[in-house]
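Here's the structure, in structure tokens; my notes come after.
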């Protein structure tokens, strides 16, 4: 007998052997038990989730002579004929290759004839969204009011492509993706049935790669068993062309540290091993997704990704030093690789370009990149603060010193009288009032003054001190135009002719050649080639 693929060997023959889809199975069982059989059903869901299998089970169950709890008995004449595909009472039509209006007209003609052996004549139309508009129109009336002995079961992966007139005439059932742990359980049964062995990690890898489709999982397992009867993690990676988890962790660590040379060397290693850039980009995207989930919901990571506690901790540990913005940006780069590879003549260049963009993020000037760097600096500052706090707490308490002999209480000095201006204000209040005047008349000068500090008043000369490392403002404020504007504001606030002087950090006066020093500092900061000195035109 010819070899039969695993997904055909393990196709369910009754509702009891179905994996997942509990809500759908319970509803259909109840309808079969109570005899409330609808004339048209629509099964929706992604590939390999059991739509066609459920349709075939239902076709046998409603024609079974002795159904048990909604399941076909498998022993009666009708069940044997349907299992052997010898009955004309169940017609399975592929709408992808029979999508014209003529095929639907032929179907309408055959609908009139009663079933040969069973109670119902069942039409299973697979990939029904592939029918043409004319074919849908030809099907409408028959689908709405078929003969009492006819049941239509439509299956599709894209229900949004069906006309609303078709959807309104069917009972719709949505098939969800099968959880990875349930797929792994069925794979274990298939391996044992094939007299093979497999590790739990290898089966979990296959289940995750299938993305919720049982047929895809069984097909991958079939390929692995074609290599050898002992299915290991290394074998699965070889069949899928994917990278092992340790390689992905090292690759992501290189991206995190912006180590472009290591990243390029690892990509070269992949290409020499014959890996596909598309598959690797997908692996990196999934790894970054896991890190993003580890960053946002670390407590539920193991259950969300079907991981062991140790693997979840490994993801959480790597995600700890990365920001959410950075992870999302890197994931976006690698997800775009799939689109770009469609038009690229060299897939490797597309992959290397995405990796380098992740490494050279410091040259970016967009808001997301700046926010990412700010978030990293804030985290480093918080970590440093925490370490300092722990250091203070952990430090041994200093020994209490002996109290010094009591000395005679010192005589408190009388507070120095405040110097008042003719307006009745103190010099401090006069400075604040002058700032308020400048805030309205010259906001640029006001902004520069707020960056430093008021250094006191000597007679009628008010002094301002620049912040540390910002002596560049001294030369700007001491220029005649700025100095006169500030002095005018001070004169207005004090009620007497006043002067202004800007001092560098530390309060030391600049030498006479302040303008030359200012220009020299500009050239040192921005480069001589980028500095242009131009006289102000009044």
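Throughout, read-outs are computed from the coordinates displayed, never taken from laboratory work. Computed from a predicted model, the values in this text were never measured in an experiment. Backbone-built Cβ (ideal geometry, glycine too); neighbour counts: all protein chains shown.
Here are the numbers:
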read-out	value
Ascending count of other beta-carbon atoms within 10 Å, so fewest first, for 16, 346, 498, 204	346, 16, 204, 498
Distance between the range 244-308 and the range 206-235 - C-alpha centres, whole angstrom	21 Å
Three-way shape call for the range 163-218 based on the alpha-carbon gyration tensor, with the a/c threshold at 1.5	prolate
Pairwise centroid distance, computed over Cα atoms, of the range 117-187 with the range 3-51, Å	12 Å
Order of 451, 293, 58, 223 under a 10 Å beta carbon neighbour criterion, fewest first	451, 223, 293, 58
Segment residue 149-residue 332, extension gain: residue separation times 0.36 nm, minus the distance between their alpha carbons	60.5 nm
Cα-based equivalent ellipsoid, the range 257-351: semi-axes from gyration tensor eigenvalues, Å	26, 14, 13
Order of 156, 165 under a 10 Å beta carbon neighbour criterion, fewest first	165, 156
Pairwise FRET efficiency - residue 46 versus residue 324, Cβ, R0 = 30 Å, nearest 0.05	0.55
